[in-house]
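Below: one structure, written as structure tokens.
The values are calculated or read from the model by the stated rules, or taken from the named source; none is laboratory data. Bear in mind the structure is a predicted one, so any value in this text is a computation, not a measurement. For neighbour counting, all protein chains shown are included, and Cβ atoms are generated from backbone atoms with ideal geometry for every residue, glycine included.
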């Protein structure tokens, strides 16, 4: 099992800078599939890449290569090249991004959710365009279920680093006692708090 060591909230230009590694990964993928730099095919492909920047990479490969199997292999080549750039330290946080992210709570967080999941939000609009209108199916950001989503988004990532060390500090005897009771067939719903 792989441990997650980094998570990006967005791609190049917003919270991270990659010094052209996305473009280089596209170029490497095209080179692998018969369009080396300097050829008309490569130049045309890179023009399409720049015109479609921000779209799904596999969709860009499908558009350019027009063959699903080739597009899938090119996408894999892109991912390999980009992963190597990340591993080599080519992708770094933009100055001030960490400060902004760690201070992102309260009113800015509420605005984020309204701008993305509100009735005219970007995610709501995107879902509606692909055929699923969450508001037509009963979702509303300003109801209990909407508040639960906002609360979970904020509280779960905050809770995990606070609670996990405490869970690791539980006395092993308490864990062993719990396992023994379960193995003996005791009802897991009938439990008491251990004395300190």
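Report yes if residue 154 is at pLDDT below 80, under 20 Å from the mean Cα position of the chain (by Cα) and in a loop (DSSP other than H, G, I, E, B), otherwise no.
no
Give 99, 137 a once-over and let me know the one that is outside the structural domain of residue 22 (by TED's automatic domain parsing), at pLDDT 85 or above and out of contact with any helix residue (DSSP H, G or I) (no Cβ under 6 Å at 6 or more places or on another chain).
Criteria check complete, one pass: 137.
Let me spell it out: the conditions are (1) modelled with pLDDT of 70 or more; (2) surrounded by 10 or more Cβ atoms within 10 Å (Cβ to Cβ), and residue 191 meets all of them except one. Which number is the exception?
For residue 191, the failing item is (1).
Name the residue, out of 163, 149, that is within 29 Å of residue 56 (Cβ to Cβ) and either modelled with pLDDT of 80 or more or not in a loop (DSSP other than H, G, I, E, B) (or both).
149
Which ones in segment 52-75 are surrounded by fewer than 19 Cβ atoms within 10 Å (Cβ to Cβ) and closer than 19 Å to residue 18 by Cβ?
52, 53, 54, 55, 56, 58
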